[in-house]
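Here is the structure we will look at, set down as structure tokens.
Derivation of every value follows stated rules applied to the coordinates shown; laboratory data play no part. Source: prediction; values computed, not measured. Glycine also receives a Cβ, built like all others from the backbone with ideal geometry; neighbour counts cover every protein chain displayed.
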Amino acid sequence: MTSKLVRFLLGTAFVLPALAFAQSNGAPAALPAAPSATASNAATPAVTNPSGTKLGTINIEQAIFASNEGQRDFEALSKKLEPKQNELKGLNDEVENLKKQLNTQGDKLSDDARGTLVKQIEQKQKSLERAVQDARDDAQNQQNEIAQRILQKMAPMLVKYAGDNGFGVIMDTSNPWPNGPVLWAGPSLDITKPVVDAYNAQSGVPAPAPGTPRSSGAKPSGSTGTKPAAPATKPQGSAPPK
């Protein structure tokens, strides 16, 4: 159990399940309201085209991670967490070495010596598990803060993009069905990439330097939830876990 927890934490970052980062103290970040029918005539473009109201989808989670700002800030967080990851690895190695000692020498030890070793392993393992949980909680909070900050800036731009391009409804596909509302959506409806491109232009944050791995919208490894689905070409529930 301990080894699994440490391997979980020794990924490049720690993340909450899908859409958890869009919440602050339990309250979801609100998108700006779409223009009302009475106000849209004078102040905003129409949201319909000759064939009817346009429907679009966006993977908000993917958009946040794929943006230049998201890649930069999550990579910086990953580097910030490296010392803690190394500390946890050292604690885990210590526990594993004690377990190996017990397995190889246990039958040669006296009852008192064996009991002392078993107690030592139990105490260190409990300490490790507490340290892992504390580190995960701290990392999740920091990652949520980054994502919440980006979302707050991206949301108004998304609403403007929808109005400028004739969309009447935009649905989020971050959560695969049945946890999310979208069972299936064709790729032609997905506006994640153009929204990310528009946000990158607005933010002024440059793209990662050549040779720097791009996330392509995927969560950093070590996720507690499922990997964000790519723009849907099949039922969302088929997205593989990380």
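Summary of computed values
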| item | result |
| --- | --- |
| Integer Hz, Karplus 6.51/-1.76/1.60 couplings in order for the stretch 122-138, x for Gly and Pro | 4, 5, 5, 5, 5, 5, 5, 4, 5, 5, 4, 5, 4, 5, 5, 4, 4 |
| Long-range HN-HN contacts of Thr57 with modeled amide H, under 5 Å | Met171, Asp190, Ile191 |
| Among 77-83, 185-191, the order from most to least packed when residues are scored by Cβ within 10 Å on average | 185-191, 77-83 |
